[in-house]
Amino acid sequence: MPGLSSLRGETERGAAVIDAHNISKVYNSKTIPVYAVNNVHLHLERGEFTALVGPSGSGKTTLLNMIGGLDKPDEGNIIINGVDITKLSANELIDFRLRNIGFVFQSFNLIPVLTAKENVEFIMQLQKMNREERNKRVIKLFKEIGLEDKLNVRPSKLSGGQQQRVAVARALASKPQFILADEPTANLDSASASNLLDIMALLNKEENITFLFSTHDQRVIDRARRVITLVDGRIAKDTAEVNTNILHTSLSETN
Amino acid sequence: MIFIMAWRNIWRNKMRSIVIMLSIAIGLFAGIAVLALYKGMMKSRIRTTIDAEAGHIQVHDVNFKKDYEPKFTIVNGERVLNDIRKLPGVKTAAPRSVTKGMLATTTGSAGVQINGIIPEQEYEASQLKQKIIEGKVFDSAKKNEVMIGKKLANKMKLKTGSKLVLTFTDTSGSIVSGAFRVAAIYQSANAPLDERNVYVTMHDMNALLTTGNTFHEIVLLLKNDEDVPAVKQQLLQRFPAYKIESWKEISPETDLLVKTTDQLSYILMTIIMFALAFGIINTMLMAILERTREIGMMVALGTNKVKIFLLVLLETIFLTLAGTPVGILIGWLATNYYSKHGLDLSGMGKEMMSSFGYSTVIYPEFPADKFLGVMLIVFITAILSCLFPAIKALRLKPVEALQGLP
């Protein structure tokens with residue numbers, strides 16, 4: 001079991017950020033077992049921009065929660081930057097999430113009593129970042145999300161799109177290994193959704209930040225470079241494998 | 001940041017927070033009012049005990065108080081009395097001849113303590129003159145006059161001018177009786193004492209007791225209440241052969257009452273705060289349940305349990321302490337007003353008040369000495385009230401909480 005201080009791992013470009021082996025989550029296990037997630041293998045590398053799609057009840061959110069360390073699988077292991085998070089205690093998981101994972105939720109979930117700036121700063125304060133560094137980073141992040149003029153505005157005075165952009169800035173505040181976004185565009189109009197996706201795509205491209213979305217939104221699916229389809233808790237399709245297969249096929253044909 | 005969040009959180013539902021703050025303010029005011037009233041009553045009781053009953057210190061022969069035998073007079077009484085009067089810190093000192101006896105009229109009899117006094121000196125030492133409600137002070141030209149308390153007068157159906165017989169034993173153990181005429185009826189704030197004590201002149205009493213110019217008791221009034229232990233110590237060194245007692249020893253029930261009332265006032269305060277704690281718990285629990293999703297999000301993002309607990313604790317403390325200055329201010333203003341104008345409790349029954357030895361007009365006093373204690377009770381209330389909501393918040397599982405499930 002690693003110490004809390006060693007819970008923040010550094011991943012090389014192209015190295016595995018998430019490695020999930022045989023993970024399953026079973027509900028009503030004492031009566032009729034229902035597999036929310038059934039024997040899923042998932043390998044995500046740094047810099048990926050991946051969408052997790054599937055019908056309602058297919059296990060997207062459950063899988064995302066387990067990868068995010070919010071829920072534990074009943075079977076299997078999840079290795080993030082070399083740390084098996086299924087072996088961590090609840091308190092260790094809290095610290096692990098703080099240092100490694102950024103979250104963007106469907107309903108923004110900003111703290112209403114804090115301003116936009118304070119919402120983002122809050123995470124940095126939890127990480128014990130000093131004031132100077134915090135201020136620098138807040139300004140940089142708000143520039144990136146295009147809300148430099150809304151620093152001292154409370155969430156209730158921001159539009160849905162603006163709130164979600166602040167949520168992205170908050171997710172980035174802790175310099176996480178990857179960002180998990182659960183239906184981030186579900187509550188946004190087209191223009192806001194498009195704007196948010198632009199920002200996230202740019203961050204992915206320029207700063208090589210890894211994104212894993214759970215989504216129904218075709219706009220997100222269209223922008224994703226990899227799409228994993230879940231059906232009844234199993235991976236029914238993974239475009240990465242398709243692409244690899246196509247690559248293999250074309251290579252063997254060339255040879 | 002947690003401080004800022006806690007402070008802003010209590011204003012998210014203004015009406016609810018203001019209601020709980022007001023109830024804390026009112027509860028605190030009620031507590032302070034009770035403490036102030038008790039303090040006023042105790043001060044008044046102590047004042048009555050010292051000024052009108054026991055004095056600050058009394059001197060007796062060591063054997064006298066065992067059976068109140070008249071033969072145990074203070075040896076060299078006059079010299080002792082004069083020496084005591086010369087002591088710094090002593091305001092006045094008066095001698096008394098004291099014995100237990102029987103008061104009889106044509107209709108009945110009652111056991112009483114008969115106090116033989118030198119009127120002018122006694123008027124200074126026990127305010128006897130001010131307590132007279134009927135009749136006149138002792139007339140030096142008349143013999144065998146007696147002053148009786150109102151309660152005894154009512155019980156024995158005596159009026160001024162009525163005749164009665166006092167019977168007691170003299171120094172040789174023989175029973176002696178004297179016929180006395182009621183010169184005055186007095187009333188103090190302590191009805192039981194009025195019923196037990198009658199006053200005659202020392203001259204008349206000593207003639208019956210055959211004690212000459214001697215006496216059994218010296219009662220001292222000091223310039224300052226705080227000097228009692230020092231003066232008592234001085235007297236003990238100077239007159240080791242006599243029994244020297246402070247008012248606390250002479251009237252232990254008063255001292256006990258003061259101490260018990262002190263404890264009682266804390267108990268009352270705790271009960272008030274205990275009742276308020278349920279209001280605070282309810283408010284905080286509602287606040288936590290309303291914010292299940294938000295707290296779940298905070299935990300998901302990496303807020304540890306200590307910080308979540310601290311947030312709930314600070315919110316509870318702010319909520320509790322915000323009402324505190326208002327309660328203290330109202331309490332202080334009300335106490336200040338009544339400490340000057342007095343609070344007339346005669347509506348509760350003058351007889352009842354005096355039967356417990358209390359004056360009917362109470363001058364409440366702000367319990368500054370109990371201020372720290374009160375604040376501690378408020379603070380402990382806040383901490384205890386936060387525990388249940390905090391445990392509720394700590395038990396939230398992020399996955400369920402993010403879906404808004406409590």
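The values are calculated or read from the model by the stated rules, or taken from the named source; none is laboratory data. Here the structure is a predicted model, which means the values were calculated and not measured. Methodologically, a virtual Cβ is constructed for each residue, glycine included, from the backbone with ideal geometry; neighbour enumeration extends over all protein chains shown.
Remarks
- Scanning the stretch A:107-129 for residues that are more than 7 Å from every other protein chain (Cβ to nearest Cβ) and either touching a strand residue (DSSP E or B) at 6+ places or on another chain (Cβ under 8 Å) or on the phi > 0 side of the Ramachandran plot (or both) returns A:F108, A:K128.
- Residue in the stretch A:94-106 that is more than 17 Å from the chain's Cα centre (by Cα), closer than 16 Å to A:I179 by Cβ and either away from every other protein chain (no Cβ under 12 Å) or modelled with pLDDT of 90 or more (or both) present: no
- As a summary of the residue check, B:R12 satisfies the conditions (1) in contact with a Phe, Trp or Tyr (Cβ under 9 Å, 6 or more places away or on another chain); (2) not in a helix (DSSP H, G or I) except for the one numbered (1).
- Some residue of the stretch A:195-210 being within 14 Å of chain B (Cβ to nearest Cβ), out of contact with any His (no Cβ under 8 Å at 6 or more places or on another chain) and of a type in the set (D, E, K, R): no
- Residues satisfying the stated conditions in the stretch B:278-311, i.e. away from every other protein chain (no Cβ under 14 Å) and buried (at least 20 other Cβ atoms within 10 Å of the Cβ): B:I280, B:T283, B:M284, B:I288
- Filter result (surrounded by fewer than 19 Cβ atoms within 10 Å (Cβ to Cβ), under 22 Å from the mean Cα position of the chain (by Cα) and basic (K, R)) within the stretch A:135-188: A:K140, A:K143, A:K175
- Residue match in the stretch B:30-48 (condition: closer than 27 Å to B:Y266 by Cβ and among the aromatic types (F, W, Y)): yes
- The residues of the stretch A:57-68 that are part of a helix (DSSP H, G or I) and within 13 Å of another protein chain (Cβ to nearest Cβ), listed by number, are A:T61, A:T62, A:L63, A:L64, A:N65, A:M66, A:I67.
- Residue check, A:S24 within 24 Å of A:H216 (Cβ to Cβ), assigned to a strand (DSSP E or B), touching a residue at least 60 places away in the same chain (Cβ under 8 Å) and polar (S, T, N, Q): yes
- Scan of the stretch B:121-161 for residues that are assigned to a loop (DSSP other than H, G, I, E, B) and in contact with a strand residue (DSSP E or B) (Cβ under 8 Å, 6 or more places away or on another chain), ordered by number: B:L128, B:K131, B:K136, B:V137, B:F138, B:D139, B:K142, B:N144, B:L158, B:K159, B:T160, B:G161
- Positions within the stretch B:262-277 being crowded, with 17+ Cβ neighbours inside 10 Å and of a type in the set (S, T, N, Q), in sequence order: B:S265
- Of all residues in the stretch A:21-39, those satisfying the criterion of being closer than 16 Å to A:I85 by Cβ and surrounded by 22 or more Cβ atoms within 10 Å (Cβ to Cβ) are A:I23, A:K25, A:V37.
- Enumeration of residues in the stretch B:312-328 that are surrounded by 18 or more Cβ atoms within 10 Å (Cβ to Cβ) and farther than 12 Å from B:F3 by Cα: B:L319, B:T320, B:A322, B:G323, B:T324, B:G327, B:I328
- Meeting the requirement of 2 or more residues that are hydrophobic (A, V, I, L, M, F, W, C), in contact with a Ser or Thr (Cβ under 6 Å, 6 or more places away or on another chain) and at pLDDT 90 or above, the strands (runs of 3 or more DSSP E) wholly within the stretch B:163-247 are B:163-169, B:175-186.
- Of the residues in the stretch B:90-103, not one is touching a residue at least 60 places away in the same chain (Cβ under 8 Å) and in a loop (DSSP other than H, G, I, E, B).
- Check on A:F213, buried (at least 23 other Cβ atoms within 10 Å of the Cβ) and more than 14 Å from every other protein chain (Cβ to nearest Cβ): yes
- Yes/no for B:E249 being surrounded by fewer than 18 Cβ atoms within 10 Å (Cβ to Cβ) and not assigned by TED's automatic domain parsing to the domain that holds B:R8: yes
- Scope the stretch B:4-30; condition in contact with a Ser or Thr (Cβ under 8 Å, 6 or more places away or on another chain), in contact (Cβ under 8 Å) with a residue 40 or more places away in the chain and either surrounded by 17 or more Cβ atoms within 10 Å (Cβ to Cβ) or within 14 Å of chain A (Cβ to nearest Cβ) (or both); matching residues: B:I10, B:S17, B:I20, B:I24, B:A25, B:L28
- Scanning the stretch A:116-131 for residues that are buried (at least 19 other Cβ atoms within 10 Å of the Cβ) and touching a residue at least 24 places away in the same chain (Cβ under 8 Å) yields A:A116, A:K117, A:N119, A:V120, A:E121, A:F122, A:I123, A:M124, A:L126.
- Qualifying residue in the stretch B:220-229 (condition: among the acidic types (D, E), surrounded by 14 or more Cβ atoms within 10 Å (Cβ to Cβ) and closer than 30 Å to B:A153 by Cβ): no
- If only residues of the stretch A:69-101 that are among the small types (G, A, S) and assigned to a loop (DSSP other than H, G, I, E, B) are counted, the one that is nearest to A:A16 (Cα to Cα) is A:G82.
- Pairing residues of the stretch B:329-348 that are on the phi < 0 side of the Ramachandran plot and surrounded by 13 or more Cβ atoms within 10 Å (Cβ to Cβ) with residues that are at pLDDT below 85 and of a type in the set (D, E), at Cβ distances under 6 Å and at least 6 apart in sequence or on separate chains, gives B:S339/B:E365.
- Residue in the stretch A:130-139 that is at the interface with another protein chain (Cβ under 10 Å from one of its Cβ atoms) and either among the polar types (S, T, N, Q) or part of a helix (DSSP H, G or I) (or both) present: no
- Count of the stretch B:69-89 residues, restricted to those that are over 17 Å from B:S246 (Cβ atoms), of a type in the set (V, I, T) and assigned to a helix (DSSP H, G or I), is 1.
- Each residue in the stretch B:304-337 was checked for being in a helix (DSSP H, G or I) and touching an Asp or Glu at 6+ places or on another chain (Cβ under 9 Å), and 1 pass.
- For the stretch B:131-142, the count of residues that are surrounded by 15 or more Cβ atoms within 10 Å (Cβ to Cβ) and among the polar types (S, T, N, Q) is zero.
- Count of residues meeting criterion [more than 36 Å from the chain's Cα centre (by Cα) and either not in a helix (DSSP H, G or I) or not assigned by TED's automatic domain parsing to the domain that holds B:V312 (or both)] in the stretch B:15-59: 0
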